[in-house]
Every structure is written in structure tokens, then in C-alpha cells.
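*Asks:* Can you keep this structure in mind? I'll have questions shortly.
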Amino acid sequence: MRHIISLLMENESGALSRVSGLFSARGYNIESLTVAPTEDETLSRMTIVTSGSNKVIEQIVKQLNKLIDVVKVLDLNDGRHIERELMIVKVKATNKYRDEIKRISDTFGGRIIEMAETTFTIELTGPSSELDAYLHSLDKAAIIETVRTGALGIGRGDRILKI
Amino acid sequence: MKPEIITGAEITIRSLQEENVEFVFGYPGGAVLNIYDAIFKQTKFKHVLVRHEQAAVHAADAFSRATGKVGVALVTSGPGATNAVTGIATAYMDSIPIVIISGQVPTHAIGQDAFQECDTVGITRPCVKHNFLVKDINNIANTIKKAFFIASTGRPGPVLVDIPKDITAETAEFNYPKTIEMRSYNPVIKGHSGQIRKAIDLLINAKKPMVYSGGGVVLGNASESLTKLVKRLDFPITNTLMGLGGFPASDKNFLGMLGMHGTYQANMAMQECDVLLAVGARFDDRVIGNPEHFLKNPKKIIHIDIDPASISKRVQIDVPIVGDVNLVLIDFMKAYKEVEKNYDKKLIAPWKDEIKKWIDIDCLAYKDDGSVIKPQLVIQKLHEVTKGDAFVTSDVGQHQMWAAQYYPFNKPRRWINSGGLGTMGVGLPYAMGCQLAFPDSQVACVTGEASIQMCIQELSTCKQFNLPIKVITLNNRYMGMVRQWQEFFYGNRYAESYMDALPDFVKLAESYGHVGMKIEKSSDIESALKEAFSPKLKERLVFMDFITDQTENVFPMIPNGKGLSEMILAEDL
């Protein structure tokens, strides 16, 4: 099953490679991994999307906790949570398709951030599955380029990851 | 008092002194010249010059295994660090607390492909508990403090501190922190009391209880607590290769080692028990074989371990207890005493009868007509001659298994070997670490003619530091364990496992200034060992080359991927 694991770690050089190294060394999947400093500049927050059986996910969480630089780990799938991913897509937008692309983008809540002569660049946020659905709705041949951040997540209500 | 202003090299050395380091095992080089200059000017700890960095780390590792203190190694950048990697990985796999200080090229040269530069922190990352690159002289003392703290607490392990050369030449104030706190690192020490009561309840209601203890008991200094508890419960117990000595082998409840080359009784009892108490052990592949087969006989498993990640890693655990094994076992004893009156020991009498039948198979018996030296007999005689009280180090292979099987250990920290990584070449440097730590004790290095050649250069170090190690070489002119697998599983095709062109070990030992002995007759084993361990040779390293049976195999054996009860016994062939 797909899991979103969030963690806080000391904002030190090499911290990212400790996490990515752990995943490759132990043969765990990484679907996506994002990392950025938090409002407390000594801490980085990392979001990892991975998949595996419950047993594997349990091991992943334990092994992450074992890393010396990791302060706190939360498997968001243990409770209710919100997931968002940002995607920017560049599509072919010639005369007859311009309206259709705009209509599909509106349906998904996308925003056209650049209208060039023959292309549109669209920004879209949502759960990763929604971004997938958006891409499926477009004509495959029309997609020129996509870039995605990988999923971010946060617990609902009083489920928080903070020290 | 005004803080002293000293160089980074001096800060490094002073920090080691603050940690009461007795020995630093190392090898100098460009990036650590400043540190070596500071060592030259101090007398508080002794520097042991090895002949290869791998041996420096192994010796520091053995010093730690034998004493329980943190071992320290010092190597230079580039090849110094890469040579150390085997030693570091060996310590990592067996959770041994050591601190490795490595020199690095100057900070301005990092990333420039400078002479003797390598990404030491990157290379060692997967085989250390943690590592640091110190980029600011003001962080040296603090980082070394952290390194010792991390190495020695929780599940122990090696920690590397990489220090660029320019930092060691700068000057700064020296303030060694008294304590250290890390928000990201707080190992759980105390076991959960509810879980402990649950475990005791399971144990006293078991019909077929079994205790299985590993290296965690030795590392956690929990032998005494374990021994008291198991004796009081009167339960059968087995030790892993890493756990030997954690429970006295001479006790009637001890079933011997378990695992791939464990005893019949230990493996059968593990397989057939209904409640298993695992203490500081990790259910690894060489110990329980195939996990599905292991669970074919339903059992409740209680697991005490300092490392939460070791719990339910290979086998699902029913009652996990995370904590310091010694403290948890002390709590176990308290909890047991409260309910002891309800416990009827007759409950397990039939189980003990069953175990007795397995013991009677006498799985460690071997045929010996005296025509050729049997390696097992050498170990048994070594046990006799040393009165079972030597530090025994081993390399990796058949001789290692025979030492584990035929030299019963009654005390922890006496059996020093590479269990996890299985590193050939550790034996001699391990013996060095033990002999330096315990100069008046008997130290025997049980090895083979293949393994010993992997770090044989250390005979020179042994001469320089007058280490009277007794090297017991079981020389069968084969990489014995490789040959054994080739015999069993590869149709007797002995691909590259024959040791051709061996040196004359007697002359070799003599050329290093040691005593060499070649023993070819079974009847000479005892007298040769007695001579080697006699007062006459007390101050000398004796290299004993025992020419042993080439065809001898280690039994019992569980073929790879098979279950604990699927052992091959000597008589099966």
C-alpha cells in the first residue's frame, strides 16, 4: 500500500543522503521525496511517498527513526490527513484545442500560468491521484513536458508533526 | 580559569584524553600529520602502530569487545580511510562501539579531487551508526563528545569523525563538554512494565519454554542478570555465535550454540518450543534459517532488544520489549519473584525429557583414529590447556565454527569473532586488541591458513609491542568452509578453494622474530600446546601450524534456506 511518511530532521549537510541511502541499501521503494527547511531553520521536513506491505512500512518507520539526525517520524496514513502535490504541465495548444484544454484545466482547478503562441503552461495542485487523472484527461500527444513536486502531506485536526 | 588556546590537533588529542582513551590504533599519513605531532607530545594514551589500517580498526574493535569500553582508531585520508572500511563494517554488523578519527584533505581542497582525497563520510555512511565531517575547529571537541556518546549508548556501533587537515592546524579555545544532549537521539532504556508482566505470564504457563540469547547480552553487560533468571526459571537456553559466554556453557541448562552449525538439541528446542524468550538477538538467517519453517511449530515469542528496528524484522513478535537488556532482565526477575509461588516446574518436565533425547544424539561426536590431526581435537586440547579461561579470537570459516562448538565459554567477552560480516583476517588484529587490554591473560587466535594470510602483516606489530599471542592455525590447505559447501552443493568441484604455494609458517613466524611450531601428529597436539602456553614462552608470540585433516567438515549443518530442524548430521553422510 502507498504511504506518505513525514519526518523532521536536523538541517545538516548529508541528511538527505542518509535517508535516500537507507532506502536504497534496504531495498525500499521511493515514489517521491521532497525536502525543505521549516520555519525553525535548524529543522528540515521531508515527505516520502513509498509503498510496501504493513511489515515493510513498519520497518521503514523504525529504520528512519534510527537515523541519528531524524528527530520525529509520522506515517500520515496512520490517521486522517491531507495530501497535496504541485504539477506544472506544458501542453500543445493550437487554435482548435485551446478551449478544450482550458475547459479541462478549469474542471480540475488548474490555472493557466502562461499562454504562448502554440503552448499553454498549466499549474495544478491536488492529491497525486488527481494530478494523474488530469494528465489522463489530456490528449497524450499534446503533453510536451510535466514537472511534479511529489506529494506533501499534513495531518488533519490535532494530528501534528512538531517538536 | 581562562580557557586554553590550542590547535585543532591538540583539541582532538585532548578530547580523546577526556574520554579516558587508553589505546589509539592507527597509521599516520599526510592528512593526520598535525594530529600525530600532537600525539608525539603526549603520554596519556598509547598509540599502537599497525601495519595496515584495516587491522587498526579490528584491533580497536576487539579492545572494545574484550573490555566493553569504546575502541579508538586513527587513520589518514583517502586510502587510509578506505582501508579502514572493512574494519568499520565488521564492527557495525556486530554493534561494536568504536570511534574512528580520519584525516581529510584541507577544507578548501574538498571536492577538488585532491591527493589522497575521498568522500569518507559518503563511503562509510552505510556502515556506521553515524558519522561527521568537522568543518569548524570550534566543533571538534563537541563532535568527539557526541561520537563517543552515540557509539556507546543505545544499540552501540562505530562512529566516524572526519577532520580536514587545515582545521587541525588552526587554533581555538578548548572546552570539552561534560554532557551532551541530542533532541534527535534518545534511546529507550527502560522496558515497559506491562509487557514484562505479560511475558512472565507466558513463560510460567509454557509447556515447552526456551531461551535464546545473543550478542546483545554480552554488549549490554547482562550476563549476570540473564544467568540468574534462567537458573531460577530452570529453563533450557541456547546462545548465538555472538552470544557465547553470555550464559555459562558449563551450566546444565545450556544446550550449546544454535544456528547453521548449532547443536542438534539447541536447534530442535528452538524449533519445537511453545514460548520463546529472545534476549538481545536478532533472528538472523544464520541463526533461525528459513523464518517460515521456524514458525511451522506455533510459538509465542517474547523479544527483548535495545533496538526497536530489530523487533519483528524477520519474525513477527508477540511480546516486544524495547530497552536495555540488563535493566529489563532485572525487572523480569522482580516480576517473576512476585508470581513464582504459582509456578509449577513439573509443567516442563516432559519437555526436558524430550530435550534429553536430543542431547543423547551427541551431535558433536567425531571419528578420530589418531592417524591425522582432527581440528576439533586441537580446540578441545586448547580448552584443556588454557583451562577454559583464555580470550579466544577467531577468523572466519570452519575453524571459527569448531572454536565456537568445542571451546565452551563460561564468561562473556572471552569469545571474540566477526559474526555478522564474517570478515576473514580479523583473528590476529583481534588478538592484538585483547592482549593489549589484558596483558597478563592468555590470548589464543584460532585461525586457518587462508584467513591468517589476510592480515599476516600484523605479526610485525605483535613483535613491536611484544604481544605474546598464541596463533593456533588449523591448516588443512583449503579454504575449509568454501570447500565444504563445494563438496555438499557443487558436486565436489573445488573451484579456487585450494591454498597452493603456502609459506613455511614456522620460518615466517621466525622471520618476524616469533616462535614457530609445526605440528603434524595427533599425539603431539597436547604437548605442543602446553609448551606454547608454558612460562618459558610466556613473553613470546607462538605461531602454531597444525596440519589437519583436509576432508573434515563442520557438523551439524543446516543447508542455506532450510529450517532449523533440517540439519545434516555427521552420520548422515
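*Asks:* For B:LYS538 paired with B:ASP234, estimate the spin-label separation in nm (one decimal), with each label point 7 Å from Cα along the Cα-to-Cβ line.
*Replies:* Each label point is offset 7 Å from its Cα along the Cβ direction, giving 4.5 nm.
*Asks:* If you don't mind, another one. Find the relative contact order for chain A and round it to a whole percent, using C-alpha pairs within less than 8 Å whose residues are 6+ positions apart.
*Replies:* Result for chain A is 28 percent.
*Asks:* Would you give the gap between the C-alpha center of the range B:497-573 and the C-alpha center of the range A:1-60, rounded to a whole Å?
*Replies:* 49 Å
*Asks:* Now, a different point. Show that you can apply the helix-only estimate: for chain A, add -39,500 (n - 2.57) for every DSSP H stretch of four or more residues, divide by all residues, and state [θ] at 222 nm to the nearest 500.
*Replies:* Numbers: 4 runs with 47 residues, N = 163.
My calculation for chain A gives -9000 deg cm²/dmol from helical runs alone.
*Asks:* Kindly state, to the nearest 0.05, the FRET efficiency for B:GLU22 paired with B:ASN297, given R0 = 45 Å and r defined as their beta-carbon distance. Numbers along the way, then the final one.
*Replies:* Details: r = 48 Å, r/R0 = 1.07.
About 0.40, to the nearest 0.05.
*Asks:* Each label point is 7 Å from the Cα along the Cα-to-Cβ direction; what then is the distance between the points at B:LEU33 and B:GLU520, in nm?
*Replies:* Between B:LEU33 and B:GLU520, the simple spin-label model gives 5.2 nm.
*Asks:* Evaluate the range B:451-573: find the radius of gyration of its Cα atoms, find its Kirkwood radius, and give the ratio Rg to Rh.
*Replies:* Working: Rg = 17.5 Å, Rh = 16.6 Å.
Taking Rg over the Kirkwood Rh, I get 1.06.
*Asks:* B:LYS341: which aspartates and glutamates have alpha carbons under 20 Å from its alpha carbon, excluding same-chain residues fewer than 8 sequence positions away?
*Replies:* The qualifying aspartates and glutamates are B:ASP201, B:ASP234, B:ASP331.
*Asks:* For chain B, give the share of DSSP beta bridges that are antiparallel, in percent and rounded to the nearest 5; count only bridges with both residues there. Let's see the in-between values first.
*Replies:* Numbers: 5 of 68 bridges.
Percentage antiparallel, nearest 5: 5.
*Asks:* Between B:PHE488 and A:ASN54, what is the label-to-label distance in nm when each label sits 7 Å out along the Cα-to-Cβ direction?
*Replies:* In this crude label model, B:PHE488 to A:ASN54 measures out at 3.6 nm.
*Asks:* Just to be sure I understand: with springs between alpha-carbon atoms less than 10 Å apart, which residue in A:LYS55, A:LYS102, A:LYS90 has the highest mean-square fluctuation in the Gaussian network model of chain A?
*Replies:* A:LYS55
*Asks:* Mind checking which of A:VAL147, A:VAL71, A:VAL19 has the largest fluctuation in a GNM of chain A, springs on alpha carbons under 10 Å?
*Replies:* It is A:VAL147.
*Asks:* Against the empirical 2.2 N^0.38 Å scaling, what ratio does the C-alpha Rg of the range B:334-392 come to? Before the final figure, lay out each step's value.
*Replies:* Details: Rg = 19.9 Å, N = 59, 2.2 N^0.38 = 10.4 Å.
Against the compact-globule rule of thumb, the ratio is 1.92.
*Asks:* Here is a follow-up. Which whole-number value in Å³ per residue fits the convex hull of the alpha carbons of chain A? Please report the intermediate quantities before stating the final value.
*Replies:* Numbers: hull volume 22.5 nm³, N = 163.
In chain A, the Cα convex hull volume per residue is 138 Å³.
*Asks:* Another question about this same structure. For a quick check, take a GNM of chain A with Cα springs below 10 Å and name the residue from A:GLU114, A:GLU123, A:GLU85 with the largest mean-square fluctuation.
*Replies:* A:GLU114
*Asks:* Next up: Which angle between 0 and 90 degrees, to the nearest 10, do you get for helix A:128-137 versus the longest principal axis of chain A when only C-alpha atoms count?
*Replies:* 20 degrees
*Asks:* Which percent of Cα-Cα pairs in the range A:1-80 sits in each 5 Å bin, short to long?
*Replies:* That works out to 3, 16, 30, 28, 16, 6, 1, in percent per bin.
*Asks:* Fewest Cβ neighbours within 10 Å first, please rank B:ILE204, A:ILE30 accordingly. Let's see the in-between values first.
*Replies:* Numbers: B:ILE204 19, A:ILE30 15.
Exposure proxy ranking, most exposed first: A:ILE30, B:ILE204.
*Asks:* Over the alpha-carbon set of chain B, work out the extent along each principal axis and list the three values in angstrom, largest first.
*Replies:* 72, 60, 45
*Asks:* Once you've got the Cα coordinates, tell me which of A:LYS55/B:LYS198; B:LYS228/B:LYS357; B:LYS207/B:LYS300; A:LYS62/B:LYS198; B:LYS190/B:LYS345 are over 19 Å apart. Before the final figure, lay out the partial values.
*Replies:* On the way: A:LYS55/B:LYS198 23 Å; B:LYS228/B:LYS357 26 Å; B:LYS207/B:LYS300 12 Å; A:LYS62/B:LYS198 23 Å; B:LYS190/B:LYS345 29 Å.
Table pairs above 19 Å Cα-Cα are A:LYS55/B:LYS198; B:LYS228/B:LYS357; A:LYS62/B:LYS198; B:LYS190/B:LYS345.
*Asks:* Across the residues of A:55-67, average count of Cβ atoms on other protein chains within 10 Å?
*Replies:* If you average over the peptide's residues, the count of other-chain Cβ atoms is 3.
*Asks:* If you don't mind, there's one more thing I want to ask. Which FRET efficiency value, to the nearest 0.05, do you get for B:ASP572 and B:TYR498 by plugging their Cβ-Cβ distance into 1/(1 + (r/R0)^6) with R0 = 25 Å? Don't skip to the answer; put the middle values down first.
*Replies:* Numbers: r = 26 Å, r/R0 = 1.03.
Efficiency computed from Cβ-Cβ geometry: 0.45.
*Asks:* Computed over the Cα atoms, what is the radius of gyration of the range A:72-146 divided by 2.2 N^0.38 Å, N being its residue count? Show your work: numbers first, answer last.
*Replies:* Values: Rg = 14.6 Å, N = 75, 2.2 N^0.38 = 11.3 Å.
In units of the globular-protein estimate, the range A:72-146 measures up at 1.29.
*Asks:* So how long is each side of the protein assembly as shown along the principal axes, counting just the alpha-carbon atoms, biggest first, in Å?
*Replies:* 99, 66, 61
*Asks:* Okay, next question. If every alpha-carbon in the range B:311-426 counts as one equal scatterer, what log10 I(q)/I(0) does Debye give at q = 0.09, 0.20, 0.24 1/Å?
*Replies:* So the normalised log intensities are -0.46, -1.17, -1.22.
*Asks:* If the range B:119-237 were replaced by its equivalent ellipsoid, with semi-axes equal to the square roots of 5 times the Cα gyration tensor eigenvalues, what would those be, largest first, whole Å?
*Replies:* On the way: eigenvalues 371, 45, 29 Å².
They are 43, 15, 12 Å, listed from largest to smallest.
*Asks:* If I take R0 = 51 Å and measure r between the Cβ atoms of B:LYS411 and B:LYS341 in this structure, what FRET efficiency does the formula 1/(1 + (r/R0)^6) give, to the nearest 0.05? Mind showing how you got there, number by number?
*Replies:* Working: r = 33 Å, r/R0 = 0.64.
The formula returns an efficiency of 0.95 here.
*Asks:* How much length is gained if the chain between B:ASP318 and B:GLN457 is pulled fully straight, taking 0.36 nm per residue apart and subtracting their Cα-Cα distance, in nm to one decimal? Each step should come with its number before you reach the end.
*Replies:* On the way: separation 139, 0.36 × 139 = 50.04 nm, distance 4.89 nm.
Full-extension gain reported as 45.1 nm.
*Asks:* Could you pull out which residues in the range A:115-129 have an amide N less than 16 Å from a spot 7 Å beyond the Cα of A:THR34, following the Cα-Cβ vector?
*Replies:* The answer is A:123-129.
*Asks:* If you don't mind, another one. Diagonalise the Cα gyration tensor of the range B:206-265 and give the resulting equivalent ellipsoid semi-axes, square root of 5 times each eigenvalue, largest first, whole Å. Provide the component values of the computation, followed by the final result.
*Replies:* On the way: eigenvalues 49, 48, 18 Å².
For the range B:206-265, the semi-axes come out at 16, 15, 9 Å.
*Asks:* Using only DSSP helix segments of four residues or longer, with each worth -39500 (n - 2.57), what per-residue ellipticity at 222 nm results for chain B after dividing by its residue count and rounding to 500? If you can, show how the numbers build up before the last one.
*Replies:* Values: 22 runs with 206 residues, N = 573.
Only helices count here, giving -10500 deg cm²/dmol.
*Asks:* Write down the Kirkwood hydrodynamic radius of the range B:33-165, to one decimal in angstroms, obtained as one divided by the mean of 1/r over all alpha carbon pairs. The partial results should precede the final answer.
*Replies:* Numbers: mean 1/r = 0.0681 Å⁻¹.
After inverting the pairwise mean of 1/r, the radius is 14.7 Å.
*Asks:* Now for a different question. Using a 7 Å offset from Cα along Cα-Cβ at B:ASP362, what residues in the range B:539-573 end up with backbone N under 18 Å from the label point?
*Replies:* Only B:555-556, B:569-573 fall inside the zone, counting backbone N under 18 Å.
FYI, it's all coordinate maths here, none of it is from the lab. None of the values given here were measured: they were computed from a predicted structure. When we count neighbours, we look across all protein chains shown, and the Cβ atoms used for this are built from the backbone with ideal geometry, even at glycine.
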